[in-house]
Amino acid sequence: MVDMSMPILVVDDYNTMIRIIRNLLRQLGFAEIDDASDGSAALSKLRAKKYGLVISDWNMEPMTGYELLKEVRADPGLSRTPFIMVTAESKTENVIAAKRAGVDNYIVKPFNAQTLKSKIDAVFSG
Amino acid sequence: MERNISKRHTTASTRAHLSAARRELCAIVRATEAAAGAIMQCAENVLSADPACAESYRRIVGQQMSAIFESCAFQDITGQRIARIIAQLTKLELQLAHASLRLAEERKDDGSARKRGPLLHGPQPQGRGNSQAEIDALFLASEAPSR
């Protein structure tokens with residue numbers, strides 16, 4: 001069961017993509033959505049506030065989404081935070097690397113609200 | 001002497017083509033970002049409008065739809081810019097082909113081409129990379145660490 005009141009952190013270096021994901025999440029009924037423009041900014045926010053879900057892009061600077069994922073999984077206080085990668089990186093090696101690093105689901109861009117919903121549902125039903 | 005003059009001309013010309021292409025690409029990035037921002041702003045205005053007053057709601061929706069159509073005009077401009085970039089790249093491709101032929105005559109390729117960072121490939125062309133369905137299958141099949 002997905003808690004619609006949980007705070008969600010959206011991490012992407014493109015403001016446009018943040019707005020798209022934010023609006024899709026609002027359509028799905030989520031109310032509390034924060035954002036960060038790269039992995040290190042996200043990590044600071046994650047350490048300052050408890051989030052129910054992280055939705056992150058991969059290719060960002062200075063800290064990528066993949067590095068953020070590894071930092072999150074290595075931090076005892078954050079390691080159980082659900083993490084969905086949303087990225088244009090669609091090669092097999094990326095999916096396997098992300099899964100090995102502990103990602104909970106993987107969405108390839110471009111995507112729609114239905115895909116986002118089904119992956120969020122899958123993360124919280126698993 | 002003749003070869004040096006030719007090399008200098010090629011380098012200057014290559015720089016000019018790349019510089020022009022870079023300027024066009026920067027303009028495209030700005031235009032698409034501005035258009036996407038404007039279109040999303042219209043959508044957000046519609047979503048936040050109060051439908052209780054039908055007349056006012058219709059007016060707002062109408063205005064915002066017109067603004068969306070206006071914002072889509074970026075496609076025409078960026079199309080023209082992209083056409084110019086293609087022309088620049090075609091010229092550059094020809095120059096590089098000539099330069100590479102000349103270089104091949106002078107020395108062997110040492111194979112030290114710069115490679116991109118690990119795991120960063122960017123968007124794949126149509127038919128390359130994996131679809132969402134393929135990624136889902138891969139995701140289920142690959143090994144997850146215990147947490």
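Please treat every number below as a calculation from the coordinates, not as lab data. Quantities reported herein were computed from a predicted structural model and do not represent experimental measurements. Cβ coordinates were reconstructed from backbone atoms using ideal geometry, including for glycine residues, and neighbour counts include every protein chain displayed.
The listed residues are A:Leu53, A:Leu24, and the only one of them that is touching a residue at least 60 places away in the same chain (Cβ under 8 Å), closer than 21 Å to A:Ala88 by Cβ and out of contact with any Pro (no Cβ under 6 Å at 6 or more places or on another chain) turns out to be A:Leu24.
Can you name the residue in segment B:12-66 that is touching a Phe, Trp or Tyr at 6+ places or on another chain (Cβ under 6 Å) and assigned to a helix (DSSP H, G or I) and is also farthest from the other protein chains (Cβ to nearest Cβ) among such residues? Of everything passing the filter in segment B:12-66, B:Ala31 is farthest from the other protein chains (Cβ to nearest Cβ).
Of all residues in segment A:94-104 being farther than 14 Å from B:Ala141 by Cβ and facing chain B (nearest Cβ under 7 Å), which is surrounded by the most Cβ atoms within 10 Å (Cβ to Cβ)? I'd like the intermediate steps shown before the answer.
Within segment A:94-104, the subset farther than 14 Å from B:Ala141 by Cβ is A:94, A:97, A:101-104.
Then keep just the ones that are facing chain B (nearest Cβ under 7 Å); that gives A:94, A:97, A:102.
Values: A:Asn94: 24, A:Ala97: 19, A:Gly102: 18.
Top of the filtered list is A:Asn94.
Residues of segment A:46-93 being among the aliphatic types (A, V, I, L, M), more than 10 Å from every other protein chain (Cβ to nearest Cβ) and over 14 Å from A:Val10 (Cβ atoms), which ones? Residues satisfying the conditions are A:Ala48, A:Met63, A:Leu69, A:Val72, A:Ala74, A:Leu78.
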